[in-house]
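Remarks on the structure that follows.
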Amino acid sequence: MRRPILNSPIPGPNAARMIAEQERQLSPSSTRDYPLVVDSGDGCWITDVDGNQFLDFCAGIAVCTTGHCHPHVVRAITEQSQKLIHMSGTDFYYGPQGELAQKLEDHVHLTGGQRAFFTNSGTETIEAAIKLARYATRRPHLIAFDGAFHGRSLGALSLTNSKVVQRRGFGPLLPEVSHIPYPGRAGVSLEDTFSELEKLFKRRVDPSQVAAIFVEPIQGEGGYLIPPPSFLPRLRQVCDQHGILLVADEVQSGMGRTGKFCAMEHWHVEPDIYCLAKGIASGLPLGAMVARANLMQWPPGSHGSTFGGNPVACAAGVATIELLESGLLEHTAVMGEVLLQALREVMSGTPLITEVRGLGLMAAIDLPDNATRNILLHDCFHHGLIALGAGERSIRLCPPLIVNEEEIHLATEILQESLMEIGQRPSQAA
Ligand SMILES: Cc1ncc(COP(=O)(O)O)c(C=O)c1O
């Protein structure tokens, strides 16, 4: 069985030199949790520039759906790039945009028909949805949730309500945005959410002025929070009552990650607009806003993008969906159960994990506090497991969907070893 290969020290000499150079060359706004300089990836494994090999349970932040460099995706990219790399879908027609739109139609169902608009990222997809929601309803106001992350361009950032550093110094942001509590966050009940919404409608914003409510069906950066079962159906009802559009931000939870094509399917709720990105093209930059056809009635020139729906990215998107269709979606649901079970077993042996949750391969564990979470992430890295934090004190586990049982058990073994070491340190012993 393949195991991590770690030559100490980490970072090794090549990584240390490149990190020093890049700290001078690149914007300091990026958050680098580890001194990891990646050279190559295959499947669920990555190799750094000093030959260290890590098991990847982060997948480029839930992007490498089909694993690093899946041969089917690589073939699609190679073949497309030998034919046509760019033409600009805003001004011209070409095949791959239509092929991907068709594939999305096969899996993302919106009653009455749908249309797709392709972008290059999650934030651009949210930006497009903000514009379409306002345009289609001719209403100004937008509602999002506490703890939400919808991106960093100024429109999307106005909906984001995750960390103050993401907003500080960038104002004024969009006016006409309100936030309400997300049920599933500590101490927030379903009733809290809907009574805050009611209060908002009574005191500050006439619901007839609200264009859309943006919701992550599972709050991603906020901590992989899964809401109570009646949350999304009830939100849909409120939207219907007031003619408000429901926008599902499935940038992180979509493209099979939860064992269904879109996470909204778990609650049998249809939004008016789906926002997809991250995993849609297994790593090539691509996003898609999929909206009801009767909403997407904006005239030529009202929205566009030079690179959005690039032929190579779309070909990678088609290849990604072909893999989901040929068993990967079912595999994700099964591996999700294996992962949850393995995490519960780890939890049963330590007081340091306070909760395990997940849907499909979108799983998280909670630690007692932010400091313990960060120590654990660091220790896992030095044992050869790549994972990322989410929220204040959670670790998210979002491996490539091709992950197998052996890799899941290896990941939880590393987690367990790291937790034991933390438990043995005097300051962290529970
Ligand atoms: C739910 C959600 N929406 C939007 C975004 C923004 O996506 P991007 O970083 O591609 O702009 C993210 C990114 O993490 C996300 O998790």
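Quick look at the values:
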| read-out | value |
| --- | --- |
| Test: residue in region 18-27 that is polar (S, T, N, Q) and in contact (Cβ under 8 Å) with a residue 60 or more places away in the chain | no |
| Region 168-188, residues that are closer than 19 Å to residue 216 by Cα and either at pLDDT 95 or above or within 16 Å of the ligand (Cβ to nearest atom) (or both) | 177, 178, 179, 180, 181, 182, 183, 184, 185, 188 |
| Matching residues, region 162-177, being in contact with a strand residue (DSSP E or B) (Cβ under 6 Å, 6 or more places away or on another chain) and surrounded by 16 or more Cβ atoms within 10 Å (Cβ to Cβ) | 177 |
| Any hit, region 344-354, residues being within 20 Å of the chain's Cα centre (by Cα) and either of a type outside the set (Gly, Ala, Ser) or in a helix (DSSP H, G or I) (or both) | no |
| Answer from 142, 159, 154 - the residue that is buried (at least 23 other Cβ atoms within 10 Å of the Cβ), touching a Phe, Trp or Tyr at 6+ places or on another chain (Cβ under 9 Å), more than 24 Å from residue 389 (Cβ to Cβ) and not acidic (Asp, Glu) | 142 |
| So residue 281, is it away from the ligand (no atom under 16 Å from the Cβ), under 25 Å from residue 97 (Cβ atoms) and small (Gly, Ala, Ser) | no |
| Number of positions in region 109-127 that are within 16 Å of the ligand (Cβ to nearest atom) and part of a loop (DSSP other than H, G, I, E, B) | 2 |
| Checking residue 86 against (1) surrounded by fewer than 20 Cβ atoms within 10 Å (Cβ to Cβ); (2) free of Cβ contacts under 8 Å to residues at least 40 places away in the same chain, the condition it does not meet | (2) |
| Residues of region 236-248 classified as within 16 Å of the ligand (Cβ to nearest atom) and surrounded by fewer than 24 Cβ atoms within 10 Å (Cβ to Cβ), total | 1 |
| Positions within region 194-220 being in contact (Cβ under 8 Å) with a residue 12 or more places away in the chain, surrounded by fewer than 22 Cβ atoms within 10 Å (Cβ to Cβ) and either among the basic types (Lys, Arg) or outside any helix (DSSP H, G or I) (or both), in sequence order | 204, 205 |
| Unmet criterion (only one of (1) under 20 Å from residue 257 (Cβ atoms); (2) among the hydroxyl-bearing types (Ser, Thr, Tyr); (3) without any contact (Cβ under 8 Å) to a residue 12 or more places away in the chain) for residue 320 | (3) |
| For residue 136: the one exception among (1) over 15 Å from residue 305 (Cβ atoms); (2) surrounded by fewer than 19 Cβ atoms within 10 Å (Cβ to Cβ) | (2) |
| Positions within region 128-158 being within 9 Å of the ligand (Cβ to nearest atom) and part of a helix (DSSP H, G or I), in sequence order | 156 |
| Considering residues of region 280-327 that are in a helix (DSSP H, G or I) and polar (S, T, N, Q) only, the residue nearest to the chain's Cα centre (by Cα) | 320 |
| So residue 219, is it under 20 Å from the mean Cα position of the chain (by Cα), more than 22 Å from residue 274 (Cα to Cα), among the polar types (S, T, N, Q) and within 16 Å of the ligand (Cβ to nearest atom) | no |
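The values are calculated or read from the model by the stated rules, or taken from the named source; none is laboratory data. Just so it is clear, the structure is predicted and the values come from calculations on it, not from any experiment. Glycine also receives a Cβ, built like all others from the backbone with ideal geometry; neighbour counts cover every protein chain displayed.
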